[in-house]
Amino acid sequence: MINPLAQDLNDSLRGTVPGEMLSDLGMRLFFPKGIIAQGAEAKKLGKTANATIGMAVENKTPIILSSVKNEFTNLTSAEAVAYAPTAGNLEYRTIWKEQIIAKNPSLKDKSFSLPAVVPGLTAGISYLCDLFLKEGDVLLAANPSWDNYSLIVEARRNASLKQFTLFNDTGFNLDAFEKAVKEQAATGKVRILLNFPQNPSGYTPTKDEQAAICKILCAVADKGASVMVWCDDAYFGLNYEDNIAPESLFALLCDAHEKIFAIKIDGPTKEDFAWGFRTGFLTFGGKGLTEQHYEALGKKLMGTIRSSVSCCSTPAQSIMIRAMKNPEIEAEKLEFRNSLEARYKKVRAFVDARKNNKALTALPFNSGYFMCFRCNGFSSEDLRQKLLNEYGIGTIAIDNAHLRVAFSSLDESLIEQVYSTIYKAAEELA
Ligand SMILES: Cc1ncc(COP(=O)(O)O)c(C=O)c1O
């Protein structure tokens, strides 16, 4: 299916040589009017505050770990400009694997692949589509989800992103999830992309919900379905409540069942505040898979890397290796995490004090960079426009009903003012 925005572009090119020669993929591609376009508007007009940015920002500047910043001038020529191996620098991959285990202690004695370096998590997801989704296949994901999933899966891969309702009144909607999984299981194959802490809602399942998710997946696997779960752990570790599942779903799924294959998508992008470095990792795990299987999967992945970017950025990998070996890095990360947690706590208190507000309902949130409001009786785009044009506050309309606010990009001192204004503007519209 051609998106109307793609169609507009195809119409603009009609009668030209490039228009005549567009491939089927070329015909489907477009630039969404989503997060990036709304973010660009906010950059221009969000004079009071810009809560659109999926980065951690302080005083209008992205934060950076000193252990990362200090390495920029220390690189040898090989560390700076030599080609990196196709699947990434071996030391970088090895340290990242050790870190995955340190962050997910239950992985200690489990078998899973060496992480392979990809040029950012976005590319990692796109490569998984290359490897595991053919045209027309269904990939399950939550509703709402990060808008780029649809561009990657539908426009790029010509597959179908089928979204289950993420929330019920209290938290993760296990019924909707189970129904969607069972429907796919009836076809023999279940593919799911799950992202926690989630973009846009800022939600991570509780320990009980995570166990129930695994149980549902094991139940369909028991009945013979092949299950593949892509765990998008972009915001891993930014948990602000005690009842949240502390480990990635990957840690539970990678040895859960012979019919379940799990993939971890992660990287320093958000975890180490290195958004523009463009390095991420793909890690494979499945009960019964051997080193030989992991090697074959690694080679397949190397085929997608070699045939697209050839290899990933060398200086980014070199700086991360040096930074991760610096004993100071954990304390520096903790300081930034604490600052994000302080922002979360402030937003939490503000929103909790307005639980019965008629115009806005906050979706469940407990982690990550964001939170989302459901707009009751007016469109989120109207609210976004009002906030931007009348109050100089940039936010994101995720769809017609949901407004995303990135508290990661709001200084703590601005939170009260920004959130008061959001409620005020919403009440004016309601
Ligand atoms: C859920 C989710 N996954 C992946 C990404 C992309 O990460 P990267 O910048 O490493 O491509 C983002 C970035 O916004 C995200 O929100």
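The values are calculated or read from the model by the stated rules, or taken from the named source; none is laboratory data. Fair warning: this is a prediction, and the values are worked out from it, not measured in the lab. Because the Cβ atoms are built from the backbone with ideal geometry, glycine has one as well, and the counts that use them run over all protein chains shown. Ligands, DNA and RNA are stripped out before the accessible areas are found, and what is left, the full protein with its side chains, is counted by its heavy atoms. Shrake-Rupley method; radii C 1.70, N 1.55, O 1.52, S 1.80 Å.
To the nearest 20 debye, what is the magnitude of the charge dipole of the stretch 130-233 about its Cα centre, counting +1 on the Cβ of each Lys and Arg and -1 on the Cβ of each Asp and Glu? Don't skip to the answer; put the middle values down first.
Working: 11 positive and 14 negative charges, 63 e Å.
With Lys and Arg at +1 and Asp and Glu at -1, about 300 debye.
For the stretch 69-325, how big is the tail of P(r) above 33 Å, as a whole percent of Cα pairs?
Percentage above 33 Å: 16.
What does the charge dipole of the stretch 69-325 about its Cα centre add up to, to the nearest 20 debye, if the Cβ of each Lys and Arg holds +1 and the Cβ of each Asp and Glu holds -1?
The calculated dipole for the stretch 69-325 is roughly 640 debye.
Among GLY276, THR206, THR170, flag the residue with its Cα farthest along the positive direction of the charge dipole of the stretch 69-325, charges on Cβ as +1 for Lys/Arg and -1 for Asp/Glu.
GLY276
In percent, what relative contact order does the stretch 126-199 have, based on Cα pairs under 8 Å that are 6 or more apart in sequence?
Normalised by residue count, the contact order of the stretch 126-199 is 35 percent.
Using r as the Cβ-Cβ distance of LEU25 and TYR83, and R0 as 41 Å, what FRET efficiency do you calculate, to the nearest 0.05?
0.90
For TRP275 and ASP8 in the same chain, what is the full-extension length gain: residue separation times 0.36 nm, less their Cα-Cα distance, in nm?
Full extension from TRP275 to ASP8 adds 93.0 nm.
In what sequence, highest mean first, do 260-269, 161-170 appear when ranked by Cβ atoms within 10 angstrom?
Numbers: 260-269: 25.5, 161-170: 15.1.
My ranking of the peptides, most packed first, is 260-269, 161-170.
Find which of LEU139, TRP96, ILE35 sits farthest along the positive direction of the dipole of the chain, computed with +1 on the beta-carbon of Lys and Arg, -1 on that of Asp and Glu, about the Cα centre.
So the residue we want is LEU139.
Show that you can apply the helix-only estimate: for the chain, add -39,500 (n - 2.57) for every DSSP H stretch of four or more residues, divide by all residues, and state [θ] at 222 nm to the nearest 500.
Calculated at 222 nm, the ellipticity per residue is -13000 deg cm²/dmol.
Report the Cα centroid-to-centroid distance between the stretch 169-195 and the stretch 319-367 in angstrom, as an integer.
Taking the Cα centre of each part, the stretch 169-195 and the stretch 319-367 sit 28 Å apart.
Would you work out which of ILE396, SER23, THR86 lies farthest towards the positive end of the dipole of the chain? Charges go on Cβ: Lys and Arg +1, Asp and Glu -1.
SER23
Taking H as built 1.01 Å from N, whose amide H comes closer than 5 Å to the amide H of HIS257, not counting residues under 5 places away?
Amide H neighbours of HIS257: LYS287.
Among ARG354, ARG14, ARG93, which one shows the biggest mean-square fluctuation in a GNM of the chain, springs joining Cα atoms closer than 10 Å?
ARG14
Assuming a ≥ b ≥ c are the square roots of the Cα gyration tensor eigenvalues, decide whether the chain counts as rounded (a/c under 1.5), prolate (otherwise, with a/b larger than b/c) or oblate.
It is rounded, given that a/c, with a ≥ b ≥ c, falls under 1.5.
In debye to the nearest 20, how big a dipole does the stretch 176-332 give about its Cα centre with +1 on each Lys and Arg Cβ and -1 on each Asp and Glu Cβ?
Rounded to the nearest 20 debye, it is 840 debye.
What area, in nm² and to one decimal, does the C-alpha convex hull of the stretch 73-166 cast on average over all directions?
With every direction weighted equally, the projected area is 8.9 nm².
Check cross-link reach from LYS223 to the lysines: straight Cα distance under 17 Å, and skip same-chain residues fewer than eight apart.
LYS179, LYS182, LYS189, LYS215, LYS259, LYS287
Which whole-number percentage describes the relative contact order of the chain, with Cα contacts under 8 Å and a sequence gap of 6 or more?
Once divided by the residue count of the chain, the mean separation gives 24 percent.
For the chain, what is the accessible area per residue in Å², given a 1.4 Å probe and the full set of protein chains?
Heavy-atom accessible area per residue stands at 44 Å².
Considering only protein heavy atoms and a probe of 1.4 Å, how much of the accessible area of the stretch 69-325 is carbon and sulfur, as a whole percent?
52
Need the C-alpha centroid separation for the stretch 111-153 versus the stretch 3-41, integer Å.
22
In straight Cα distance, which aspartates and glutamates are under 14 Å from LYS358, not counting same-chain residues fewer than 8 positions off?
Here the aspartates and glutamates satisfying the reach criterion relative to LYS358 are GLU427, GLU428.
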